[in-house]
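I have placed the structure first, in the form of structure tokens, so that the comments after it can refer back to it.
The values are calculated or read from the model by the stated rules, or taken from the named source; none is laboratory data. Quantities reported herein were computed from a predicted structural model and do not represent experimental measurements. When we count neighbours, we look across all protein chains shown, and the Cβ atoms used for this are built from the backbone with ideal geometry, even at glycine. For the accessible areas, the whole protein counts, side chains as well, though only heavy atoms, and no ligand, DNA or RNA atoms are used. Shrake-Rupley method; radii C 1.70, N 1.55, O 1.52, S 1.80 Å.
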Amino acid sequence: MKLNLEKIGKKNISFVGLMGSGKSLIGKLLSKDLDIKHYDSDNFIEKTLKKSINDIFLHKGEKYFRDIEKEIVLSLLKRNNCIISLGGGAILENIVRKSLKSSSYTIYLKSDIKILCERLKFSKKRPLIKNTNIEKTLNTLTKKREKYYNEADLIINTTNDINSILTKIKKVLNKFYE
């Protein structure tokens, strides 16, 4: 049996959600389980520009990063039969949301802010929470982004362990097999 997203008119699977929600990890694990390619948009940006996201934010600013992110995410969304883990803010772009809706089966990994704060408290790689009150920043980001995250085809609460999250996702994806 093989995953066939064309059954529902989609090309790929994309993960959206706040930083720390598990998009990269769950995307990578799911791609291994399904034996399909995984792309992480943040990693793709870093490899393309040969700079860390922190450096990009520091030297070029968030607007520059978002412009690059938009172009890279749009190019990734054109790929077939793969899993894409998007940066948390990628959905702020209207053109990205339209492309997600038309080409991707989108999964929102919804996380409790307190859990995210715990996961992110020692992170040095996330410029939006650097030198800030993490909880306050995450609440602000949630207010700006959640309406877009909630447009996903599937919403998974990530308070469970990774195996049960993967099991839930695979159970839903079962209907796309042939």
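Overview of values
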item: Long pairs among K32/K168; K51/K110; K23/K130; K60/K143; K144/K170, criterion Cα-Cα beyond 23 Å; result: K51/K110; K60/K143; K144/K170
item: Nitroxide proxy distance, nm - points 7 Å out along Cα→Cβ at D35 and K175; result: 2.5
item: Quarter of Cα convex hull surface for the range 48-178, i.e. mean projection, nm²; result: 9.0
item: Accessible area (Å², per residue) of the range 14-86, counting only protein heavy atoms and a probe of 1.4 Å; result: 48
item: Dipole magnitude of the range 71-178 about its Cα centre (Cβ charges: Lys, Arg +1; Asp, Glu -1), debye to nearest 20; result: 240
item: Percent carbon-and-sulfur accessible area, the range 1-150, ignoring ligands, DNA and RNA, probe 1.4 Å; result: 51
item: Helical mean residue ellipticity (222 nm; -39500 (n - 2.57) per DSSP H run of 4+; nearest 500) of the chain; result: -15500 deg cm²/dmol
item: Label-point separation in nm, K124 to E6, each point 7 Å along Cα→Cβ; result: 4.8
item: Under 5 Å, built H, 5+ apart or other chain: amide partners of D40; result: S85
item: Under DSSP loop assignment and at most 16 Cβ neighbours within 10 Å, longest trypsin sites (Lys or Arg not before Pro)-free interval of the chain; result: 131-178
item: Residue of L128, L30, L77 that the Gaussian network model of the chain assigns the largest fluctuation, springs spanning Cα pairs under 10 Å; result: L128
